[in-house]
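As structure tokens, the structure follows; a few thoughts come after it.
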Amino acid sequence: MAIQDLDKNLDVLIIEDDHHIRRATSIILKQMGYSIIHEGSDAIEAVEICSKVRPDVILMDISLGTGINGIETVKQLRANGTDSCIIYLTAFGSDTVIADAAATHPDGYLVKPVTGPDLHAAIQVAISNHRSNVILNQQKAMLIKEKESNDRLRGAIEMSGAICHEINQYLQYIMGYSEMVNNEIGSIKGDLMNPELDSIVDSNNRIISAIEQLGRATRKITRLNKYRTKEYLPGRVIIDIDSSTS
């Protein structure tokens, strides 16, 4: 990718306690087309600026002259909800400093003195990785939300199955009593076919059959692994449970 094709439409916040380095960094970035929204020297300025605007990139010196250092400043910014891309600048590349900085999950790390090309490359790589991480986190959040929704749906489906079972049990009782009454009346009248009670038994059987079918469909829904439909009425479709669970 050519340099002119890279993303320079970025707002950069510089927090550096050395005035000369701060000014030089600002000039270099402006010459490369970046927008400098503020040049600060300590944590107080960083927190204040980030409470008003959201920089795309924060160049943070680790060894700030006064107050808390750059690493603690980043922790405070993150706690306040600032999700800007963070690139640390430091004159000391010791393992301890690097480990402390890495614990805050920065998007880049540069050892001073840095050149214009160093800054440019670090910003472009960092902003690309940062945006990718934001997208991944959003997708992860969506997947978690979808799983929670699916879990709730599965619970509702299982409850529906339990209700179907309960209704079926009561209908079995009704059918048994209806047949007993029908037999009693038939023995009295000498006719085992009482039309009214026979109609009740027949309707009861139909309801039981429908509930059993609903129960089977409910169990199959929990095993859906694809989405297939079939025509139910002209111009209307429903999910084809059999083909969707095969």
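Rounded to 0.05, the FRET efficiency of the Thr229 and Met32 pair, given R0 = 41 Å and the Cβ-Cβ distance, is 0.15.
Other residues lying with their Cβ under 10 Å from the Cβ of Ser84 contribute a combined charge of -2, Lys and Arg counting +1, Asp and Glu -1. So what is log10(I(q)/I(0)) for the range 1-112 at q = 0.15 1/Å, when the Debye sum runs over its Cα atoms only? Log10 I(q)/I(0), no solvent term: -0.60.
Every number in this text was worked out from the coordinates using simple rules, so none of it is lab data. Predicted, not measured: the structure shown is a model, and the values here were computed from it. Here Cβ is always computed from backbone atoms with ideal geometry, including for glycine, and neighbour counts include all displayed protein chains.
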